[in-house]
Amino acid sequence: MSLKVVACAAASVLFFTTGCGPTALESANLAQDPTATTPTPSTPASSSEVVLVSTTIFVTASPAPTAMPSPVPLVEAMPIPTPAGSPFSYHVIEEGESLSYISWLYDTPVEELVSMNHLEGPAAIIQTGQSLRIPLHLDQVAPQNILLPDSEVVYSPGYIDFNIKEFIESKGGYLVGYTEYVAGQQLSGPEIVERVSQQFSVGPRLLLALLEHYGGWVTNPYPTETELRLPLGPHNPRGGSLYLALGWTANRINAGYYGYKRDGFWVFTLADRSRTVTPPGLNAGTVGVQNILALHSDWETWQQELSSDGLLADYRALFGDPMTYAVEPLVPKALAQPSLSLPWAKGQGFYLSSGPHPAYADGSAWAAIDFGPPDVLGNCFYSSEPNTAAASGVIVVARQGAVELDLDGDGNIQTGWVLQYLHLVLDADTPVQVGQHVAEGDIIGYASCEGGQANSSHLHFSRRYNGEWIEARGPVPLNLSGWVIQPTLVAYEGAFKKGDQVREACECWEPEKNLIINETN
C-alpha cells in the first residue's frame with residue numbers, strides 16, 4: 001500500500017504531506033514595499049532562414065537562396081486521449097464506505113461502478129483514499145471557442161523573453177509596490193508572480209491577466225477595498241494573501257489542463273454548483289482557463305467571461321493577441337526521455353515510498369514519485385545520504401526545499417527537460433547555486449521535510465518538458481537507470497520494474513519490497 005495522503009487543506013487547495021506530493025504553499029504574511037530584481041532573459045536573434053530546433057523556431061542569417069527551400073517538416077503534437085465512454089467524475093473513498101453505499105450515494109448500479117473501475121466484482125475490496133470513477137449524465141456542454149494556446153497557459157518557451165518585473169513596473173499599478181512575506185522572506189509583487197509561475201509552471205501573462213480582470217492590480221494604483229480583499233475572484237478562499245491566492249488560482253488552472261490531458265474531457269463545477277462537460281476539439285490550455293473562470297461564475301456569467309468581452313479583453317489590452325506567443329507543438333508526439341540515472345550515489349539505496357502523484361499541488365499531472373532515504377525512517381531529521389544529479393545540466397532554482405535542474409543547458413526553466421527535486425536541504429558547505437553546471441552524480445542536496453508539509457524526510461522527484469508536467473506513468477514513462485514506472489490508477493501507488501525485478505511503492509522500509517539500489521556501472 002502506498003503512502004497515505006494527509007490533506008493540508010489550507011484554503012480549499014489540497015496539498016499532500018508525506019507521500020507528499022507537492023509542497024504546500026509556503027507560509028505568508030502581508031506587507032507593503034518596493035520590488036527586487038528579476039534578470040532579463042536573452043533575446044534570440046532574427047533574420048531569414050528558419051531552423052527547427054526541438055519545438056521552437058529560431059532564425060539565423062543566410063545568403064540569398066538559389067532554389068526553393070525544403071519545407072519545414074510538420075511536428076505532430078502529443079494527442080489528447082479519446083474518452084473511452086461517457087464522462088465521469090471521481091469519488092475519493094472515505095473510511096467506512098462500501099461499494100453499495102457509493103452506489104446508493106450516486107444512484108448508480110454497483111455493476112456499472114465495477115465495470116468502470118475494473119474491479120473484480122461487487123464484493124471487491126476498496127481502500128480508504130482510493131479514487132473511484134463515477135458516471136455522469138450531463139445535459140449542458142461548455143463553449144467550444146479556443147481561448148489561449150497551451151504555451152500561454154504553462155510556463156513555456158513562449159515566456160523566455162518576458163521580463164515579469166519590467167512589465168509590471170511599466171504598468172504602474174498597485175502590484176508594483178506590493179510586498180509579502182513568504183517562508184520568512186519578503187518578496188515583491190513581481191517576485192511573487194515569478195515564484196508562483198515557477199512552482200506551478202503556469203504562465204505569468206495569464207496570471208497577470210486574471211489579476212487585472214478581477215482586481216485591477218496591474219494598471220490601477222488605487223484598487224477598491226473589494227479588489228484589495230479579493231484580487232483574484234470572489235470565490236478565491238485565499239484573497240488575503242497574493243501568494244496564496246495566486247497559488248490557488250494556478251492550481252485550479254492546472255486541474256483543468258491536466259485533467260483534460262489525462263481523460264480527454266473535463267467536468268466543470270460552477271460557483272452555483274451546476275456542472276457541465278467539455279465539448280470535443282478543445283486544447284488543454286483553453287480548458288484550464290475555462291476551469292478557473294467557472295469557479296467564480298454561474299452559467300450565464302460564465303458565458304460572458306468566455307466571450308471576447310470577458311477575460312480575453314483584459315488579456316489583449318495588456319499583451320495583444322495571445323496566439324502570437326504560441327509554441328506549437330508544445331509537447332511533440334515523438335517525445336523521448338533522455339537517459340536519467342537514479343538520483344543517489346552508486347551502491348546506495350533509497351526506498352520507493354510513493355508512486356505517481358501530483359507534481360505540485362493536487363491540480364498538476366501525476367508527474368512525481370517519492371524516495372525515502374535509508375537513514376531517516378518516519379521522521380523529519382535531515383538525511384546524510386546525498387541526492388544527486390540524474391543527468392548533467394544547469395541549476396535554475398536553488399533554495400532550501402527546492403532545486404530544479406535544466407537538462408538542455410540553456411539556463412531557462414521554460415525550455416526542454418527540467419527535473420524537480422523537492423524537500424531537499426542544500427549542502428551546508430558547498431550548496432548548489434543558480435547557473436551552476438553539474439555533472440551526473442554530483443550532489444544536489446539531502447532529503448528532508450523542508451519546502452512544504454511532510455511528516456517524513458524524502459525526495460519528491462518529477463519532470464517537466466517545455467514547461468508541461470510530464471506524467472510519470474506515460475505516455476513517456478519515467479525511467480531511472482532502467483527502472484521504469486508501471487501504470488497505476490491510484491495516486492501514490494504503483495511500482496518500478498527493471499527486467500524481472502519489481503519494487504512496490506509502500507509506506508514501509510522493507511528491502512525486498514521497495515528498496516532500490518543504484519547499481520549503475
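Under 5 Å from the amide H of residue 354 lie the amide H atoms of 370, 506, each residue being 5 or more positions distant or on a separate chain, with H modelled from the backbone and absent for Pro and chain starts.
Compactness of segment 395-456 is given as radius of gyration and Dmax, 11.6, 36 Å, from Cα positions.
Once the Cβ-Cβ distance of residue 337 and residue 94 is raised to the sixth power relative to R0 = 41 Å, the FRET efficiency obtained is 0.65. Using Cβ point charges alone (K and R +1, D and E -1), the dipole size of segment 333-484 about the Cα centre works out to roughly 340 debye. Segment 138-193 and segment 230-274 have Cα centres lying 14 Å from one another.
Normalised Debye scattering of segment 150-325 at q = 0.09, 0.10, 0.18 Å⁻¹ gives log10 I(q)/I(0) of -0.28, -0.35, -1.21, counting only Cα atoms as equal scatterers and leaving out solvent.
Using the Cα centre of the chain as the reference point, and only Cβ charges (+1 on K/R, -1 on D/E), how large is the resulting charge dipole? Debye, rounded to the nearest 20.
Working: 24 positive and 54 negative charges, 58 e Å.
Its charge dipole is roughly 280 debye.
Here's the picture: charge each Lys and Arg Cβ at +1 and each Asp and Glu Cβ at -1 in the chain, and of 203, 337, 239 the one pushed furthest to the positive end of that dipole is 337.
Which translational diffusion coefficient, to the nearest whole µm²/s, is obtained for segment 88-135 from the Stokes-Einstein equation, given a Kirkwood hydrodynamic radius over C-alpha pairs, 20 °C and 1.002 mPa s? Here the translational diffusion coefficient equals 205 µm²/s. The simple spin-label model puts a point 7 Å past each Cα toward its Cβ; for residue 269 and residue 392 those points are separated by 4.9 nm.
Kirkwood analysis of segment 311-448, using all unique Cα-Cα pairs, places the hydrodynamic radius at 16.9 Å.
Place the peptides 299-305, 479-485 in order of packing, highest mean first, counting for every residue the other Cβ atoms within 10 Å and averaging per peptide. Don't skip to the end; give the middle numbers.
On the way: 299-305: 15.3, 479-485: 19.1.
Those peptides, ordered most packed to least, come out 479-485, 299-305.
How many angstrom separate the Cα center of segment 399-446 from the Cα center of segment 293-335? Between the Cα centre of segment 399-446 and that of segment 293-335, the gap is 33 Å. Under 5 Å between amide hydrogens, built in the peptide plane, is the criterion, and for residue 307 it picks out nothing among residues at least 5 positions away or on other chains. Placing unit charges on the Cβ atoms only, positive for Lys and Arg and negative for Asp and Glu, gives segment 150-325 a dipole magnitude near 480 debye about its Cα centre. Applied to segment 98-108, the Karplus parametrisation 6.51 cos²θ - 1.76 cosθ + 1.60 on θ = phi - 60° returns per-residue 3J(HN,Hα) values of 10, 4, 5, 5, 5, 4, 5, 4, 9, 6, 10 Hz, with x for Gly and Pro.
As an exercise, identify the chymotrypsin sites (Phe, Trp or Tyr not before Pro) in segment 91-155 lying in DSSP coil whose Cβ has no more than 13 other Cβ atoms within 10 Å.
Values: sites: 101, 104, 106, 155; in loops: 106, 155.
Passing sites in segment 91-155 do not exist.
Our coupling estimate for segment 273-280, obtained by passing each phi through the Karplus curve with A = 6.51, B = -1.76, C = 1.60 and θ = phi - 60°, is 6, 6, 10, 8, 10, 5, x, x Hz, Gly and Pro reported as x. Please list, in order, the residues from segment 117-136 whose amide nitrogen is less than 18 Å from a point placed 7 Å along the Cα→Cβ vector of residue 105. Within reach of a label on residue 105: 117-119, 122-136. In the set [x] 17, 39, 29, 13, 3, 0; [y] 22, 56, 21, 1; [z] 18, 35, 24, 14, 6, 2, 0, which value of P(r) over Cα pairs in 20 Å bins from 0, in percent was calculated from the structure you see? Entry [y].
How high is the relative contact order of the chain? Use alpha-carbon pairs under 8 Å, at least six apart in sequence, and give a whole percent.
Working: 1220 pairs, mean separation 95.2, N = 521.
Relative CO of the chain lands at 18 percent.
Spacing of the modelled spin labels on residue 185 and residue 348, each 7 Å from Cα toward Cβ, amounts to 2.5 nm.
Provide the net charge surrounding residue 415, with neighbours chosen by a C-beta distance below 14 Å and charges set as Lys +1, Arg +1, Asp -1, Glu -1. With Lys, Arg at +1 and Asp, Glu at -1, the neighbours total -4.
Extension gain for residue 76-residue 519 works out to 155.8 nm (0.36 nm per residue, less the C-alpha to C-alpha distance).
Taken together, the values in this text are just the output of simple stated rules run on the coordinates, not laboratory data. What you are looking at is a predicted structure, and each value in this text was computed from that prediction instead of being measured. Here Cβ is always computed from backbone atoms with ideal geometry, including for glycine, and neighbour counts include all displayed protein chains.
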